[in-house]
1. Do you know which of the residues in the range 44-98 that are touching a helix residue (DSSP H, G or I) at 6+ places or on another chain (Cβ under 7 Å) and in contact (Cβ under 8 Å) with a residue 60 or more places away in the chain is surrounded by the most Cβ atoms within 10 Å (Cβ to Cβ)?
2. Out of the range 92-114, which residues are more than 8 Å from the chain's Cα centre (by Cα) and either outside any strand (DSSP E or B) or of a type in the set (Ser, Thr, Tyr) (or both)?
3. If you go through the range 79-89 one residue at a time, do you hit one that is modelled with pLDDT of 95 or more, in a strand (DSSP E or B) and within 18 Å of the chain's Cα centre (by Cα)?
4. Return yes or no: is Ala24 modelled with pLDDT under 95, over 21 Å from Arg100 (Cβ atoms) and in a strand (DSSP E or B)?
Amino acid sequence: MKNIAFRLFVCLILACISLPLVHAVTPEEAASKEGQYVTVTGVVSGANKSKSGAIYLNFGGDFPNHIFSVFIHRANAEAFPEFEVMKGKTYAVTGTIQMRDGRANMEIKSPEQAVLVADAGTEKPVAGTEKPAVK
């Protein structure tokens, strides 16, 4: 019995070690995290859909003066039917940072990667929010 318990303990430790660490950063810090899997937390300053059907969420200013953006491919856009309501609210988005046109961005594919943290101007979290998904 002790042998089974020890093996389970070792498996648990190995599973925890293999999980990627998710670092939390601000939109301003995102550019320094290129290629890393992180959570960026900030206020969505713009939420737009392109002619092709892709969704863009901008942080730190409106396009083209934003600091960081989130891209949602048109194939995944239907999972975000009310993306416009994200504007003005604080979200934690989780994914891999890429650089495009000199700005940090991240592609997300599911709503679990964009978690509502709080309405802008308030300090209290929104009830029922969950932690960002871990890759």
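1. Thr94
2. Within the range 92-114, Thr96, Asp101, Gly102, Lys109, Ser110, Pro111, Glu112 meet the criteria.
3. Yes, the range 79-89 contains at least one residue that is modelled with pLDDT of 95 or more, in a strand (DSSP E or B) and within 18 Å of the chain's Cα centre (by Cα).
4. yes
The values are calculated or read from the model by the stated rules, or taken from the named source; none is laboratory data. Since the structure is predicted, the reported quantities are computational estimates derived from the model, not experimental observations. Cβ atoms come from the backbone with ideal geometry, glycine included; neighbour counts cover every protein chain shown.
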